[in-house]
Structures are given as structure tokens and as C-alpha cells.
Amino acid sequence: WGLLLLAAALGATAAARCPAPCICDNLRAHVLCLNGSLMAIPDTIPELTKKLDLRGNSFMAIPAGAFLATPYLTHLDLQHCKVERLEEGAFRGLGRLVYLNLASNSIALLYQESLDGLSSLQQLILEGNRIEEIQPGAFGHLGSLTVLDLRANALVYLPDMVFQGLQVLRWLRLSHNALHVLGSEAFAALPALRRLSLDHNELQALPGEALARLDGATWLDLGHNPITYVAEEALAMASLRHLFLDHASLQDVAPDAFARSPQLRMLDLRENQLQGLPPLAGAGGLARVSLDGNPLLCSCLLRPFHNWLARARVQAEGACAAPPALRGRSLDSLKPPEMRCSRPRPPPSPATLPERPRAAGTTQCPQGCVCSPDFHHGSCENRDLREIPQDFPRDTRLLDLRRNTFRTVPPDAFPGLKELVSLHLQSCSIEVLHPGALRGLESLVYLYLADNRLSTLVAAAFEGAPQLAYLDLDHNAFTRVPRGAFQLLPNLISLHLQHNAIEELVEGDLAGARDLRWLYLAWNAIRRIAPAALAPTKVLEKLQLEGNHLAEVPTAALQGLPTLSELKLSRNPIKHMGDSAFLPVASSLQHLFLDNMGLEWISPCAFTGLGPKIRSLYLESNKMSNIPDMSNFTGLEILNLQDVPFHCDCQLLPLSRWINKLNIRVGATCGSPTEVRGLKVKFSTPFQTCPGWGQGEALEVNPNKTKAARKPSKKKRSGKSPARGFNKSRA
């Protein structure tokens, strides 16, 4: 009875703390504050609340740390709350949240840290907002997300790697946007994706290059796009089974269009402009084709397709529109002799396809370009231009000039574009960005200059573009970081210099980049980073150095980076790791990548200072036979130890026991002795003869033993690549 009275008292206390306009169900830990007049997130919601429904309020912005008082939330509904901004860190502290619904708000931009702290989130609903552009890295912290819903926004362009970090995402919904440009690597970071919805957009051609990155996708919806032709081998998706191209503008499909999608079973071509189809010989596994709503001409020209349907045993749905004698007849009811030709007419070829008319209201647009006034978007992509065109509408916000041959960007190249936010100049053979080239672009946030021939930059090139935050210089010809070039960019947040030929970082290279948060230097030839090279970047959070020539951890260069949370050193030839390698960033580091380096030995004290803040550690594909003790890595959620040749002797027994207690999967296997090679470290077989076998607790590891380097690792994680992590189960 005493316990019951205590429980009742606690329940009464919780009820008393329930915010006035809300209803609190303490038994189920649910709180509902529906359709009220709340202007801010209530701070008196019971701490143990698991489901919080705030639909129909008026928050305008979700401030940083808005839900720190409710750390046990698993479901949060913020639909129809007039939200315009998600401040950085808005959801920090919600490590248990699995469902977040932000549909039907007015969010226009996703910042990288807007979704920070949601490490367990599985479903994110952003349908019906005003999102025009997604900042790189916006989803980088959502490693558990399986469903992302971005329907009914204002997206016009998807840049490369925009979904980086979504390693377990299975369904991406991009329907009802205005997409008509997809970066070739837009979907490159989605290894687990199975379903992609791109229907109801403005794609004028099948984006084969971008889709080819989706090896595991089985379902693709491209319906309701103005696609007129599907070319030879246009779609290379190894696992695709269901393809929707209905309600498009298709007039022809090449015979081998789907030859590189061997698993395709269902093809939906309803409501197009197809008068016929060739035999789709390349689609050997096809079982059903839907052609309802097409103006099928059931003449002799359709016989090859009709015969192929019979031979391949493909079910076809559709009816003849002509000739009059066969109008309304279903395809499966036709006999070959009925399909006659009175006046043969060849099927349309791509060369004869009519050009899609421009949208209304595009009178102010350079010749050969397309301007979309509804979405403030201009495009002259791949028009063989030698000079940058002018006279774009003054309210243009996104300008796509990729794949031309400009060679230089002269001063004042973009007059009158004060509202321009995003400028794409990739693959334009640009060698020189002249001083004043960006003058007047006072609203410019994104500048994409990848795949050019730039080898140097001067600060004056960025004069007049003070808001520039994202600068992409990947795949150029830089042999060093352009020293002092960022002096006039006080708001620079993200700098991409990957796939260049940079050999070292020296003091002064990053002068002026005081607000830089993300620095991408992967796949260069960097051998040395001077101790003061990164000193100007006091708020740096992410440093990617993958695929360089570093022979040791640049410990001295990490001094003075108090906010660094992610460090990627993968694929550098670091064979030995000494004491206190990461001590300068031990208080902030959360994600550490040390995979595929050929590591042979790690000092028992290499991880000194690192502890509960570490959330993910990647050590796969190395050569060491043991790892340091990580017993204080209590916050670890991901540890990849695949392809590490552990020596499974008795000194590894504590590691084996610890692995067996984890709620995360670990890929650690024995490399020696020979008799246990290939066995999982967590299995007991190699350790049954060890002293202490059968005791309830794991042995303590003495770092002073002979094989001190072979120390038991604490928490581990496995997967075929560092992309696939496993989350801890949470209470």
C-alpha cells in the first residue's frame, strides 16, 4: 500500500506540472497540446513524457535546446505550427526520439546543426514546407533514419552528397517539388535505399547518372515528369524491380533502355504519348507493362512488340487507339494478322521529338537558356557557351551554368543578381576567377566551382559576396590551399577542397576563415599539416583528411580546436599510433575514422583523454592484432572492427566477454591462431581453456603485461563499411 500511495503521489505531482492548455496521460506518458495558442515550447512538460503532440500551435521558431527538459521523448509532432526556422541545436538532447513530424510548416532552409542530437531518429516528416535548398550535411547526424519525407517543398536542385550520413535510409520521398537538376552524386551516400519517389517534379530527362548510384533500390517513381524519351541503357539500377514513368510526356523508348536493370519486373507507362514500343529485349525479367491511356497505333509497326510480349510472357495492359477497326481492343486480345499497315509511319525518333515549350513569363532570359519565374531558377546547363550570359531575371535565386566552357569569370560577371543564393559553375573549364568576379552578389550563399582548372585564388575574387557560406572547389588543380583567399568571406562555413593535389597545410593558409565549421580536404596528397595551420578555424567541427599521405596523426595541428567533433583520417598510411594522439580534441571529439590505414600497432595510451563523448569509432580493415582498452567509452554507439586480424588468445577474453554484453553488433573476427581463424571474437570457443573461464565477470586487463598492445576494446560495432552503424538500444 505504501508503494501505491507513493505512485499516486508521484502521478499527482506530474499532473500538477502539466501545462495549462495540455492534456497529460501519465500512465502512457503522452502529452497533447493541440490547436492552442502556444507561442513557445512549454517548459513544464513532465520529464518522463514519451509522446508529445503539439500540432496547431504558433511557435515560428524552434530555439536551441527547446526539448532539453524532456529527454525521454520518442515521438514528437509539430505539424501546422507555423514554424519558419529550426535553430541549430533545436532538438539537442532528444537521443531517444524515433519519430519527428514537421509537416505543413514554413521552413525554408535546413542548417547542418538543425537536426543535431537525433541519433535514434527513424522517421522525419518535412512534407509541405518551403524548403528550396538543403545545406550540405543537414542530415549528417541522422544515422538511424529509415524514412525521409520531403514532399511538397520548393526544391529545384539536389547537389552532390546532399544526403550524406543517411546510411540506413530506406525510403526517400521527393514528390511534388520542382526538381529538374540532380547532381551526379546526389544519391551516392544512400547505400541502404530501397524506395525513391521523384514523381511530380520537372525532370525533362531520366537522371540516369544520379540513379546509377542506387545499387540496392527496388522501387523508383518518376511519374508526372515531362520526360519525352528514354535513351539506350538510360537506367543502370541493378536491383530495380518496380519503375513508374506514368503521366509523363514519353513519345519513345529505346529497345535497350532498361538493359542495365536486369531485375526489372513491373514497368508503368500509363498516360503517356506512346503510339507504340519496340521489343524491350534488354529487360529480360520483365513480367508486366502497363500502357493504359496511350494513343497506341495497333498496326504492323506494333507487331514486333506484340510478338515479344508473347515470347517473353510479359503481361501488357493497354488498348488500341487506332486504327478505327481496332479502337478499344486490348493488346492481349489482338492477333498478328489483324495488325495491318495501310500507310506505314515510323515511330518517332529522338531527333524529331518536339522541344518542350518554355514556361510562361520567361521573356527576360538569355537566348538558349531556360528561366523559371515560379521558382526563381535560371539554367544554361551544357549549352556550349564560351561567355557567361547576362540579362537573367533580377529575382533569380538559383543559377545553373554547369558544363559550359567559360575558362575565365571576368569582373562583374553577374550584374543585377542581388537576390542570387546559389550559383553552379561546375565543369566549366574555369582557370581564373578574376578580382570582382562575384561583385554585386550580396545574397550569394552557395558557390559551386567543382571540376574546373583553378590552381589559385585571390581574396578580391570574392569581393561583394560577403554572405558566401558554402564554397565547393573539389576536383580542381590546387597544389596548396589558396593562402589568404578567404579574408573577405566572414561567413564561410563549409569549404570543399577534395580531389586536388594539395601537398601540405601551412600557417596562414586559412587566414580569415574564422567561422569555418566544415573543412573537406580528402583525396589530396597532404603529407604535413603545420602546427598552426588550422589555428584560424577556432569553431571547426568537422575535418576530413581521408585518402592523403599522412604518416602520423597530426596531433599538434589539432591544438586550439575546442569544438572539433568529427575527424576522418581513413586511408592514410599511418602504421603506428602513439600516445595521446587525440588529446587536444579529447573534450569535443565524437566521431573518429581510422579505417583502411594499414594500422599495425596502437599504443595502449593512444586514446588518452577520449571517453564518454565518443559516439562512433571506425577501425575496420587494419592490421593490428588488438586494440587499447576503451572501458570509459560509455557513450559509444558505433564501432566497426571488421577485417581486423585479432589474436584470440587468453588476453582477449575480456574483450570477448564485453562484446557479448553489448546491444550493438560487432564484426570482430579472429585472425590467429590458425585453428580459430574466422571465428567471431564474441564466440566462446577460443577462450574455453583460459584461466578464469566461467567466472561471472570479465578479467581486468593489465596494461603492463607482455603483450600490452593487445588490450581489450570496449564497445564495438560492425558492418561492411563505416557507413553501416548499429545504434544502442535505449531504455
query: If you average 1/r over all unlike Cα pairs in segment 176-236 and invert the result, what Kirkwood radius do you get in angstrom?
result: 11.9
field: Space enclosed by the convex hull of the alpha-carbon atoms of segment 113-159, per residue, Å³
entry: 74
Alpha-carbon gyration tensor eigenvalues x 5, square-rooted, for segment 530-581, Å: 19, 12, 10
- request: Keeping the other protein chains in place, figure out the carbon and sulfur percent of the accessible area of the chain, with a 1.4 Å probe.
  value: 51
- line: Quick tally, 1.4 Å probe accessible area for Glu132, Glu675, sorted with the most first, runs Glu675, Glu132
- line: Over all Cα pairs of segment 205-355, the Kirkwood radius sets Rh, and Rg/Rh then becomes 0.96
- line: Compactness check, segment 110-230: C-alpha Rg relative to the 2.2 N^0.38 Å globular estimate gives 0.98
message: Taking the Cα centre as origin and putting +1 on Lys and Arg beta-carbons and -1 on Asp and Glu beta-carbons, what dipole magnitude results for the chain, to the nearest 20 debye?
response: 2140
message: What's the whole-number percent of alpha carbon pairs in segment 191-279 lying beyond 21 angstrom?
response: 20
- request: Express in Å², to the nearest 10, the accessible area of Asp515 obtained by rolling a 1.4 Å probe over the protein heavy atoms while all chains stay in place.
  value: 60
- prompt: Can you give the accessible area per residue of the chain, in Å², using a 1.4 Å probe?
  reply: 42
message: Taking 2.2 N^0.38 Å as the expected size of a compact globular protein, what ratio does the Cα radius of gyration of segment 587-626 give against it, to two decimals?
response: 1.21
Nitroxide proxy distance, nm - points 7 Å out along Cα→Cβ at Arg340 and Glu387: 6.2
- request: Give me the angle, in degrees from 0 to 90, between the Cα long axis of helix 303-312 and the longest principal axis of the Cα atoms of the chain, rounded to the nearest 10.
  value: 40
field: Translational D in µm²/s for segment 23-102 (Stokes-Einstein at 37 °C, 0.692 mPa s, Kirkwood Rh from C-alpha pairs)
entry: 265
field: Degrees, to the nearest 10: 2-16 long Cα axis against longest axis of the chain
entry: 50
field: Over segment 526-613, equivalent-ellipsoid semi-axes from the Cα gyration tensor in Å
entry: 19, 16, 12
statement: In whole percent, the Cα-Cα distances of segment 361-458 spread across 5 Å bins from 0 upward as 3, 15, 25, 28, 20, 7, 2, 0, 0
Cα-only radius of gyration and Dmax that characterise the chain, units Å: 29.4, 96
message: For a protection proxy built on the mean count of beta-carbon atoms within 10 angstrom, sort 487-494, 246-253 highest first, please.
response: 246-253, 487-494
- request: Choose one of Ala450, Ala413, Cys341: the residue whose Cα lies farthest towards the positive end of the charge dipole of the chain (beta-carbon charges +1 Lys, Arg; -1 Asp, Glu; about the Cα centre).
  value: Cys341
statement: In this structure, among Lys51/Lys82; Lys542/Lys613; Lys50/Lys661, pairs with alpha-carbon gaps over 24 Å are Lys50/Lys661
- prompt: If you build the Cα gyration tensor of segment 528-680 and take the root of 5 times each eigenvalue, what three semi-axes come out, in whole angstrom, biggest first?
  reply: 28, 17, 12
statement: Quick calc, segment 487-598, dipole around Cα centre from Cβ unit charges on Lys, Arg (+) and Asp, Glu (-), nearest 20 debye, gives 80
- prompt: With each label point set 7 Å from Cα along the Cα-Cβ vector, what nm distance links Arg28 and Glu419?
  reply: 4.7
message: I need the per residue convex hull volume for segment 481-591, using only the alpha carbons, in cubic angstrom as a whole number.
response: 81
message: As an exercise, take the mean of 1/r over every pair of distinct alpha carbons in segment 29-158, invert it, and state the Kirkwood radius in angstroms.
response: 14.4
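The values are calculated or read from the model by the stated rules, or taken from the named source; none is laboratory data. These numbers were taken from a predicted model, which means no experiment stands behind them. FYI the Cβ positions are ideal-geometry reconstructions off the backbone, even for glycines, and counts take in every protein chain you see. Surface accessibility is based on the protein's heavy atoms, side chains included, excluding ligands, DNA and RNA. Shrake-Rupley method; radii C 1.70, N 1.55, O 1.52, S 1.80 Å.
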